[in-house]
Structures are given as structure tokens and as C-alpha cells.
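Visitor: Dumping the structure here so I can ask a few things about it.
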Amino acid sequence: MGYSRSGTADGPGGIQYLRLQRASSRSDIFPKLIAMQKNLKARNFAVFRITGAGLPNKRKLVCELENWGNGAAENASQFIAGYGEALLDHIELSLLPLIWNGSENASFADAGEFASLTHRLEPKVVPSSGIAFPVRLGALGNGYVTFLATSMELGSDVIIDQHVRSCQVMMDLLALDERRSVPAESLSEREIACLQLAGDGRISEEIAEKLGLSVHTVNAYLGSATIKLDSVNRIQAIAKAIRLGYIH
Amino acid sequence: MELSGADMVTEGRSYKESAGSRVLSREQLVRRLSVATSSNNVQAVMRLLAEYVGASHFLLARYDLIQEQGLDFIVTSNWPFDLVRRLGSELASGYARSTELEKCLSLLTPSFALLPDDVVPPDDISRQYCSLTFCVGKTRFSLMLLFLEGVILSQERLKEVGLFAAYGASFAESADARTERDFELTERELECLFWIAEGKTSDEIAVILGISRNTINNYITSVMRKTATKTRSEAIAYAVRNNLV
């Protein structure tokens, strides 16, 4: 199918290539968010990501970037307390932007003709009105890019543009994280082969037979892979190897 | 696969007029999408989007069903039928070729590829096709477009279209009213899986959850039975691949 990098797709080299075109630090993302904030005529932005992976009761929102200034921690926790649950539930089913009216005097957010393609949250839960763009990348890096203001009147053009850019922001954030968590040494071909087979449910003896190695060698490879992946046992190593894309 | 529902007839006419004279503006698109989504008509949504971006044919596929036999993975399409059938295997192999991380980092990014050599596209349709992915809930979708020879699709518009398609799919997904595809694992079993993937042993999980080690092992055995996996490692690999942890 439409996969343009088939030559370098499998190794870490493929990922390397991806990285080149992306933001090199979080400070590169900030100006993008400020520009989006201006487009929406908003007062503040805040980027939330979902941590705790798939576990329903472990999932929570974490504020990754914001420009609230002094009251940042307070604002973030107030927002999460008010809308956290609604945001977590929403992104499990839908990608429609969320908008809400704040509790401040005459605070409102209106999406005009776009309203039917948004989902409205309960009003007056937090002081400011705002809009939250859900971004669902897949297994990793999901979250919301939110913008807050006293009042917002938004047209279709600006909403769809900022949602597209929100997706880019979340991909940039994920690309940055991924670079930080890459193992110090990359895994050898043999280590990857052993991990793959272990992940497919083979026990060490079977892996040894398949690769023509001794059981001890297989265990040694799995051990060294575990260390390189900064894991405590081979199961965690397998989970990390899948998430980092070393094995399928 | 050209289905012609009653609603299609009325709407279809207006497209043809506008397609000839001018390109659909965003405002018009949004207005019409509102109508199509309110009746939850995914096909009408896709038709609108194909027109907006300048493509001649659309195909919306869901990746979670692609491994299975048959053409269940197709949500809606107006591609020629033989092409659809041929593309099923292409899609499956392409999907296995890239990693989850790469997929996450290529959201809404259009990529172009050539149709397999052994298929004959309809007249005037380019051999090159465009595909891009988006996610709604736990499901990853692929939108594939065919276009006329010589037509150049705008990258910006393609991204917008991907997002609009995700909106359309959101309505359908929400209407499905939470089809739990968590393979019927219980909350406790998921919790155990989560901690095992973090590298915890049964003893450690027993302390974390405040239940006995044997209970933990029972949960894990039950997970392995439900997921048809043979070892703990495989069960975890399964859980990670399916975004359960």
C-alpha cells in the first residue's frame, strides 16, 4: 500500500529519517501553539496528553505544555477536575472538537456553522470558554490541544485548520519523546530475532532450535536485549520492543 | 460498489453541477457534511470529501478487521470491485511493514503508491493512488483515493479531508454505542496485564493490588486462555499489539 519508505522501513534507520523533519525540542512547538492561539483569538493554550495507556481506570490527562503563567498548576488541575472525565471518554469514541461555555460573565464559545461537527460540553464548569481538539495517533501520544478565551466566535476555516495543526503538534511531541526513550545502544539482529520469537509465544528451547543456537545463547541475547531496553525482565522488554517498533 | 440510495440521487445531482463549474468551498462542504452526518450517512460524507479534494473514487477501510477473511474491513467504497478485492492483501502486507510508532507519526500524512501491475484501472484513472490514515477511538482507518490522470491533489486539502472523514467516522462510531472490543477481558485481568508489561512479577503485583499471588496467576492463565496465547510473553505481546495496555 502507500508506504513510501519500504527500503528503510524496518530498522531504526527508518525512524531516524522521520525525525529529521520534526521539531528538535519543545521550544520549537511553543511558537506553533502561539500562532494557533492567535488564529483562534484565544487567550491561552494548553496541551494535554493521556497517560496510563489502555487501562480504563488508570487513564488520566497530563498537562504537557501551557502558557497560563503563574497560576498554571492550579488552572490545569481545575480544568482536569472539571472536564478530565468527559475528555477521556470522548476520545475513546470520537474525534469531533469539544467546545464549552465558561462560567465567567458572558463567557461563550460559538462555532457557527461548524457547530453540528462539534460536541458541546456542559457549560460553566471552568471559568473560561474554550475549544479542545482531540488528537488520536494510535497506541501512543493521544491527547487534546485546547484553547481558552473569554469568548470565541469561530468559523469553519479556522476550526479545521487548527485541528489539522493540533495533530501535527501531538505528532511532534511524540517524536520528541520517542527520541529520548530510544535505548542507548541499538539492538542487534539476533537480539531482535529472539525477542520477536519470544513475543510470538516461543519458549527459549524453541527459539534455540529455530535459530540454531544453544538455549544459553538465546537466554543471553534476551538478557542483553532486556538491559538495552532498560527493562527488568524479558516480558517488559517485549512490551517495550513492540512499542518502540523493534518487533511486531 | 456504487450503491444508489434514495438520498444519493438528490444530492448526487447537485454535485455534478458544482463539480463542473467551481470547486466546493469549505463553507459549502461543512454545510453539506452537517446534513450527511446528521443522518449518519458515511457514504454521502465520503462522496462529498472525494469531490472536495478532487478525487474520483474513495475507499474507507478499517485496519482492525483487515487480517480477517473477506471484505468486512471496507466501510464504504465506490472503487471498482476487482480493485477492492485485489487491494485487501496489499493492505494487509503494507500494514505489517510499518511499526506502530511510525503509524502514529504519519497520521493524516498522504502517501502515494502505484496500483499493482496486474490490475487495470478504469479509463483515465491514474495508476497512482493516495492513502492516508486516521484513528477514531481504538480503530485505525485508511482512506484511499483514486483520481484522474494528471490531477494533482493538494496536500493541505488531503489532510483536511482526512480529518473530516474522521468526523464522519466519529458519528458512526458513537452511534455504534460502545462496541466493546476489549476481547472480554475483565478490569482485573487488564490491570494485571498492565503491571506485567511494566515488568512486575506476580509477587509484586500481589502487593500492588492487595490480592494473593495465586489469584494473580489465575487471572493471567485466564487471559492466556481468552487470548489463545501460550506464554506470558505472548500474552503481553498480544496486549501491546492490540492497545490493551
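The values are calculated or read from the model by the stated rules, or taken from the named source; none is laboratory data. Model, not experiment: these values are computed from the prediction. Here Cβ is always computed from backbone atoms with ideal geometry, including for glycine, and neighbour counts include all displayed protein chains.
Visitor: Which condition number does residue B:95 fail, the rest of (1) over 21 Å from residue A:95 (Cβ atoms); (2) out of contact with any Gly (no Cβ under 6 Å at 6 or more places or on another chain); (3) at the interface with chain A (Cβ under 10 Å from one of its Cβ atoms); (4) modelled with pLDDT under 85 being met?
Guide: (1)
Visitor: Are any residues in the stretch A:44-63 over 16 Å from residue B:198 (Cα atoms), modelled with pLDDT of 70 or more and either surrounded by 19 or more Cβ atoms within 10 Å (Cβ to Cβ) or within 14 Å of chain B (Cβ to nearest Cβ) (or both), and if so, which ones?
Guide: Here is the first cut: in the stretch A:44-63, the residues over 16 Å from residue B:198 (Cα atoms) are A:44-50, A:56-57, A:60-63.
Checking the rest, the ones that are also modelled with pLDDT of 70 or more come to A:44-50, A:60-63.
Within the stretch A:44-63, A:45, A:46, A:47, A:48, A:49, A:50, A:60, A:61, A:63 qualify.
Visitor: Moving on. Considering only the stretch A:207-248, state which residues are of a type in the set (Gly, Ala, Ser) and assigned to a loop (DSSP other than H, G, I, E, B). Write out each step before concluding.
Guide: Taking the stretch A:207-248 first, the residues of a type in the set (Gly, Ala, Ser) are A:208, A:212, A:214, A:220, A:223-225, A:231, A:237, A:239, A:241, A:245.
Answer for the stretch A:207-248, where residues must be of a type in the set (Gly, Ala, Ser) and assigned to a loop (DSSP other than H, G, I, E, B): A:212, A:214, A:231, A:245.
Visitor: A further question on this structure: Name the one entry in B:152, B:220 that is outside any helix (DSSP H, G or I) and either free of Cβ contacts under 8 Å to residues at least 24 places away in the same chain or within 20 Å of residue A:242 (Cβ to Cβ) (or both). Before you say what the answer is, go through the steps one by one.
Guide: Details: B:220 fails: outside any helix (DSSP H, G or I).
Selected residue: B:152, the only one of B:152, B:220 that is outside any helix (DSSP H, G or I) and either free of Cβ contacts under 8 Å to residues at least 24 places away in the same chain or within 20 Å of residue A:242 (Cβ to Cβ) (or both).
Visitor: Let me ask you something else. Kindly indicate whether any position in the stretch B:206-224 is crowded, with 22+ Cβ neighbours inside 10 Å and at the interface with chain A (Cβ under 8 Å from one of its Cβ atoms).
Guide: Within the stretch B:206-224 (the criterion being crowded, with 22+ Cβ neighbours inside 10 Å and at the interface with chain A (Cβ under 8 Å from one of its Cβ atoms)), the answer is no, since none of the residues qualifies.
Visitor: I would also like to ask the following. Residues in the stretch A:226-240 that are of a type in the set (A, V, I, L, M) and more than 9 Å from chain B (Cβ to nearest Cβ): how many?
Guide: As a first pass, look at the stretch A:226-240 and keep what is of a type in the set (A, V, I, L, M): A:227, A:229, A:232, A:235, A:237-239.
Those left that are additionally more than 9 Å from chain B (Cβ to nearest Cβ): A:227, A:229.
The total comes to 2.
Visitor: Among strands (runs of 3 or more DSSP E) lying entirely in the stretch A:94-206, which contain 1 or more residues that are within 14 Å of another protein chain (Cβ to nearest Cβ) and within 24 Å of residue B:165 (Cβ to Cβ)? Working first, answer last.
Guide: Values: elements: A:98-100, A:108-110, A:129-135, A:143-149, A:151-153.
By residue number, A:98-100, A:129-135, A:143-149.
Visitor: What is the residue count in the stretch B:102-137 for residues that are crowded, with 20+ Cβ neighbours inside 10 Å and within 26 Å of residue A:96 (Cβ to Cβ)?
Guide: Final tally of qualifying residues: 14.
Visitor: When the stretch B:104-115 is examined, which residues are found to be touching a helix residue (DSSP H, G or I) at 6+ places or on another chain (Cβ under 6 Å) and more than 7 Å from chain A (Cβ to nearest Cβ)?
Guide: Correct list: B:110 only.
Visitor: Going through B:141, B:147, B:134, B:171 one at a time, which residue ends up being among the aromatic types (Phe, Trp, Tyr) and part of a helix (DSSP H, G or I)? Step through it out loud before you land on a result.
Guide: Working: B:141 fails: part of a helix (DSSP H, G or I); B:147 fails: part of a helix (DSSP H, G or I); B:134 fails: part of a helix (DSSP H, G or I).
Criteria check complete, one pass: B:171.
Yes/no matrix, rows are residues, columns are (1) in the same structural domain as residue A:139 (by TED's automatic domain parsing); (2) within 21 Å of the chain's Cα centre (by Cα); (3) on the phi > 0 side of the Ramachandran plot:
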residue: A:69; (1), (2), (3): yes, no, yes
residue: A:74; (1), (2), (3): yes, no, no
residue: A:77; (1), (2), (3): yes, yes, no
residue: A:92; (1), (2), (3): yes, yes, no
residue: A:104; (1), (2), (3): yes, no, no
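Visitor: Somewhere in the stretch A:169-186, is a residue modelled with pLDDT of 90 or more and hydroxyl-bearing (Ser, Thr, Tyr)?
Guide: no
Visitor: State yes or no: is residue A:155 modelled with pLDDT under 95 and under 15 Å from the mean Cα position of the chain (by Cα)? Before the answer, list the steps.
Guide: Numbers: modelled with pLDDT under 95: yes; under 15 Å from the mean Cα position of the chain (by Cα): no.
So residue A:155 does not fit the description; no.
Residues checked against (1) within 30 Å of residue B:141 (Cβ to Cβ); (2) touching a residue at least 12 places away in the same chain (Cβ under 8 Å); (3) in contact with a Lys or Arg (Cβ under 7 Å, 6 or more places away or on another chain):
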site: A:143; (1), (2), (3): yes, yes, yes
site: A:169; (1), (2), (3): yes, yes, yes
site: A:185; (1), (2), (3): no, yes, yes
site: A:194; (1), (2), (3): no, yes, no
site: A:197; (1), (2), (3): no, yes, yes
site: A:211; (1), (2), (3): no, yes, no
site: A:222; (1), (2), (3): no, yes, yes
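Visitor: Let me confirm something: among B:149, B:191, B:187, which residue is of a type outside the set (Phe, Trp, Tyr) and crowded, with 18+ Cβ neighbours inside 10 Å? First the steps, then the outcome.
Guide: On the way: B:149 fails: crowded, with 18+ Cβ neighbours inside 10 Å; B:187 fails: crowded, with 18+ Cβ neighbours inside 10 Å.
Of B:149, B:191, B:187, the one residue that is of a type outside the set (Phe, Trp, Tyr) and crowded, with 18+ Cβ neighbours inside 10 Å is B:191.
Visitor: Could you list, in sequence order, all residues of the stretch B:28-87 that are among the charged types (D, E, K, R), surrounded by fewer than 18 Cβ atoms within 10 Å (Cβ to Cβ) and more than 11 Å from chain A (Cβ to nearest Cβ)? I'd like the intermediate steps shown before the answer.
Guide: As a first pass, look at the stretch B:28-87 and keep what is among the charged types (D, E, K, R): B:31-32, B:47, B:51, B:62, B:64, B:68, B:72, B:82, B:85-86.
Checking the rest, the ones that are also surrounded by fewer than 18 Cβ atoms within 10 Å (Cβ to Cβ) come to B:31, B:62, B:64, B:68, B:72, B:82, B:85-86.
Within the stretch B:28-87, B:62, B:64, B:68, B:72, B:82, B:85, B:86 qualify.
Visitor: All but one of (1) farther than 24 Å from residue B:170 by Cα; (2) out of contact with any Leu (no Cβ under 8 Å at 6 or more places or on another chain); (3) part of a helix (DSSP H, G or I) hold for residue B:95; which doesn't?
Guide: (1)
Visitor: Going through B:138, B:103 one at a time, which residue ends up being closer than 23 Å to residue B:237 by Cβ, of a type in the set (Lys, Arg) and touching a Ser or Thr at 6+ places or on another chain (Cβ under 8 Å)?
Guide: On the way: B:138 fails: touching a Ser or Thr at 6+ places or on another chain (Cβ under 8 Å).
Going through B:138, B:103 in turn, the sole match is B:103.
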